[in-house]
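The values are calculated or read from the model by the stated rules, or taken from the named source; none is laboratory data. Note that the structure is a prediction, hence the values are computed from the model and not measured. Positions of Cβ are backbone-derived with ideal geometry, glycine not excepted, and every protein chain shown enters the neighbour counts.
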Amino acid sequence: MSDDRPRRSELVAPGSERKFLVSAAASSADSICIDLEDGVAPNAKSDARELTAEVLRTLDWQGKRCGVRVNQVGSDAFYDDLDVLVQAPSSSLDAIVLPKVNSVADVYVAESYLGRVERSAGRLIPLKIDLMIETVPGLLAIEKLRSASVRVESLLLGSGDLAIETGARVFGRSPGTEEEKDRQKSHSRHRVLLAARSAGLVAMDGPSFSALSDTEWLAREVRQASLMGFDGKWILHPSHIRIVNDGFALTPEEESWALQVLADYKASAERGVGAARGADDRVIDHASVALAQRLLRRRKA
């Protein structure tokens, strides 16, 4: 991961609504995704991309990582999105989020056109690319997508569109227990997470589609994703930021354990011992150290 900023919460805001964009910039979300795709009506896309370019240039984003979800690769709106966004001088834009990626060909098309527009605009720092895994072909091609371009920085699970494609009954009042509905996402979650980790990419869980007021359901989803190893989660409403940030943050108990592991391992290494018996009566080895170091990186948040 080349960007060390935390990605616990990634708030999605429609590019057509100034008030939501202003709110997102001022929020405590770690990162922002401005949406020009599903969150914008077809007849509002032209104004939305102009507004997005404007707010990226004029609002104070407080150091947040900012991405823009453009329209699907190959559409007229996709090319218009990149033309406007890249030509507008802004240091706030960090990444282009590609929705409904089906194959490496989609990434090649995006990378090629993005490079052309960047050169035309004189942009010196190449934009990153986040890939949304939300179609069946995309999920099946994920092992190739993860390394399709050096620009790729994140894999994002688009659980809503993927459920539509697979026919999973996870919305509204569909039958099944909470555990049964959770299991329907388990396979796709693992595929996205493993592909991201194997390529050194950020792994983001998809948004919760429960009622906005159902914070218990959200907290359970966050706990699951955090325990699995995801870096963060997409969210659709500012009221969810605190729950998500807290759920992905390092706990005091984890921090204490990690620091003790590093101290015990250092002491054993100085005695010429490769593995040691830790203070918690567990064996400490290189794997324990790697896990402790990974946990402590969360303290940057």
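Number of residues in segment 224-269 that are surrounded by 17 or more Cβ atoms within 10 Å (Cβ to Cβ), of a type in the set (S, T, Y) and either under 16 Å from the mean Cα position of the chain (by Cα) or outside any helix (DSSP H, G or I) (or both): the value is 1.
Residues in segment 1-15 that are part of a loop (DSSP other than H, G, I, E, B) and not charged (D, E, K, R) were compared, and the one that is farthest from the chain's Cα centre (by Cα) is G15.
With respect to the conditions (1) surrounded by fewer than 19 Cβ atoms within 10 Å (Cβ to Cβ); (2) more than 30 Å from A163 (Cα to Cα); (3) in the same structural domain as P207 (by TED's automatic domain parsing); (4) modelled with pLDDT under 95, S2 lacks only one, and its number is (3).
State all residues of segment 70-102 that are assigned to a helix (DSSP H, G or I) and β-branched (V, I, T); if no residue qualifies, say none.
Narrowing segment 70-102 to residues assigned to a helix (DSSP H, G or I): 76-87.
Of everything in segment 70-102, those that are assigned to a helix (DSSP H, G or I) and β-branched (V, I, T) turn out to be V84, V86.
What do you reckon, is E143 over 19 Å from the mean Cα position of the chain (by Cα) and on the phi < 0 side of the Ramachandran plot?
Values: over 19 Å from the mean Cα position of the chain (by Cα): no; on the phi < 0 side of the Ramachandran plot: yes.
Spelling it out, it is not the case that E143 is over 19 Å from the mean Cα position of the chain (by Cα) and on the phi < 0 side of the Ramachandran plot.
Looking at segment 20-28, can you tell me whether even one residue there is within 28 Å of S147 (Cα to Cα), in the same structural domain as M132 (by TED's automatic domain parsing) and surrounded by 14 or more Cβ atoms within 10 Å (Cβ to Cβ)? Even if it seems obvious, please write down each step before you answer.
So the first thing to find is which residues in segment 20-28 are within 28 Å of S147 (Cα to Cα), and the list is none.
The answer is no, given that none of the residues of segment 20-28 is within 28 Å of S147 (Cα to Cα), in the same structural domain as M132 (by TED's automatic domain parsing) and surrounded by 14 or more Cβ atoms within 10 Å (Cβ to Cβ).
Going by the structure shown, is Q62 in contact with a Phe, Trp or Tyr (Cβ under 8 Å, 6 or more places away or on another chain), of a type outside the set (A, V, I, L, M) and surrounded by fewer than 22 Cβ atoms within 10 Å (Cβ to Cβ)?
Working: in contact with a Phe, Trp or Tyr (Cβ under 8 Å, 6 or more places away or on another chain): no; of a type outside the set (A, V, I, L, M): yes; surrounded by fewer than 22 Cβ atoms within 10 Å (Cβ to Cβ): yes.
Taking the combined requirement at face value, the residue does not satisfy it.
Within segment 31-48, does at least one residue satisfy the condition of being among the charged types (D, E, K, R) and closer than 18 Å to P89 by Cα?
Narrowing segment 31-48 to residues among the charged types (D, E, K, R): 35, 37-38, 45, 47.
The next check asks that each one be closer than 18 Å to P89 by Cα; those that pass are 47.
Yes: one or more hits.
Of the residues making up segment 16-51, those that are among the aliphatic types (A, V, I, L, M) and in a loop (DSSP other than H, G, I, E, B) are A29, L36, V40, A41.
Of the helices (runs of 4 or more DSSP H) lying entirely inside segment 103-210, the ones with 1 or more residues being modelled with pLDDT of 95 or more and crowded, with 16+ Cβ neighbours inside 10 Å are found at 104-121, 136-140, 142-145, 178-198. Before we move on, is G67 surrounded by fewer than 22 Cβ atoms within 10 Å (Cβ to Cβ) and small (G, A, S)? Criteria not met by G67. Filtering segment 116-144 to residues that are acidic (D, E) and touching a strand residue (DSSP E or B) at 6+ places or on another chain (Cβ under 7 Å) leaves only D130.
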